[in-house]
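The values are calculated or read from the model by the stated rules, or taken from the named source; none is laboratory data. Since the model is a prediction, treat every value here as computed from it, not as a measurement. For neighbour counting, all protein chains shown are included, and Cβ atoms are generated from backbone atoms with ideal geometry for every residue, glycine included. What goes into the accessible areas is simple: the full protein's heavy atoms, side chains included, and nothing from ligands, DNA or RNA. Shrake-Rupley method; radii C 1.70, N 1.55, O 1.52, S 1.80 Å.
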Amino acid sequence: TATTLEAGTPLLRNFRPGDYGAEGQNWAIAQGPDGSLYFGNNRGVLHFDGQRWRLIPVANQSTVRSLVTDASGRVYVGAVGEIGYLAPTADGQLRYVSLLDRLPAEARGFSDVWNTLMTSDGVVFSSPQRLLLWRDDRFHHWAPAMRFGVALGGMQGIYVVEPGRGLLQLRGERLLPLPGAERIDNPARFGLVPLPGGSAEHP
């Protein structure tokens, strides 16, 4: 019978672009404390509350590459040339709030924000042209000589490869080279695996 055939089968449901009202390419996913899901789509942030889909475009209408949720449930957004977060309006709907105008003019020339990371020091937005730390309502920013790789890590520390300098670690408001890691020079071959009991100083 149909019931017998379904026994042990995971409960899955597929959604087509026509179901959620955006494009078929999604780059990132995050979950809020209430179970809501957020997706980085070519047309903005998709919000799914379990019943309804809603599309929230970013300020420059670009592709959303990365998402992260903080402890309060706020969703931070990394897009192409745009960074910000989602905030509720008076009627409870979510809207996009850009942080671009909080950056100094010289730090705004970046492209794809390939990773957005939550750390103990704040939110990190990672692009090839800039590494941005949003902390205490202001930005700290770093530029590479050529380009950054995609920053990786989390609460135990943030690490990024810069060709010519090697593996760098973000410590508070400083981006420092790790001694002995100068030979890690190719961002495409860099990855992290968290170890039990690790820390920002001893990954």
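Only residues that are under 22 Å from Pro196 (Cα atoms) and either touching a Phe, Trp or Tyr at 6+ places or on another chain (Cβ under 6 Å) or among the basic types (Lys, Arg) (or both) were counted across the stretch 168-184, and they come to 2. Residues that are under 21 Å from Val97 (Cβ atoms) and open to solvent by less than 90 Å² (accessible area, probe 1.4 Å) were ranked within the stretch 42-52; the one that is modelled with the lowest pLDDT is Asp49.
If you go through the stretch 135-173 and keep only what is among the aromatic types (Phe, Trp, Tyr) and under 23 Å from Gly84 (Cβ atoms), you end up with Phe139, Trp142, Phe148. Residue pairs whose Cβ atoms lie under 9 Å apart, sitting 6 or more positions apart in sequence or on different chains, and linking a residue in the stretch 100-112 that is in contact (Cβ under 8 Å) with a residue 60 or more places away in the chain and within 17 Å of Val123 (Cβ to Cβ) to a partner that is surrounded by fewer than 12 Cβ atoms within 10 Å (Cβ to Cβ) and of a type in the set (Phe, Trp, Tyr), do not occur here. Scanning the stretch 125-155 for residues that are within 16 Å of Gly40 (Cβ to Cβ) and aliphatic (A, V, I, L, M) yields a total of 1. Under the condition of being open to solvent by 20 Å² or more (accessible area, probe 1.4 Å) and farther than 15 Å from Tyr96 by Cβ, the residues counted in the stretch 21-41 number 12.
Counting only strands (runs of 3 or more DSSP E) that fall entirely inside the stretch 10-94 and contain at least 1 residues that are hydroxyl-bearing (Ser, Thr, Tyr), the qualifying elements are 37-41, 64-69, 75-79, 83-88. If you go through the stretch 134-159 and keep only what is assigned to a loop (DSSP other than H, G, I, E, B) and either touching a helix residue (DSSP H, G or I) at 6+ places or on another chain (Cβ under 7 Å) or crowded, with 17+ Cβ neighbours inside 10 Å (or both), you end up with Pro144, Phe148, Gly149, Val150, Ala151, Gln156.
Count of the stretch 119-133 residues, restricted to those that are touching a residue at least 40 places away in the same chain (Cβ under 8 Å) and crowded, with 16+ Cβ neighbours inside 10 Å, is 10.
In the set (1) of a type outside the set (A, V, I, L, M, F, W, C); (2) open to solvent by 20 Å² or more (accessible area, probe 1.4 Å); (3) over 18 Å from the mean Cα position of the chain (by Cα), Glu162 fails one condition alone, (2).
Report yes if some residue within the stretch 71-85 is among the charged types (D, E, K, R), open to solvent by 30 Å² or more (accessible area, probe 1.4 Å), under 22 Å from Met146 (Cα atoms) and touching a residue at least 24 places away in the same chain (Cβ under 8 Å); otherwise report no. Within the stretch 71-85, not a single residue is among the charged types (D, E, K, R), open to solvent by 30 Å² or more (accessible area, probe 1.4 Å), under 22 Å from Met146 (Cα atoms) and touching a residue at least 24 places away in the same chain (Cβ under 8 Å).
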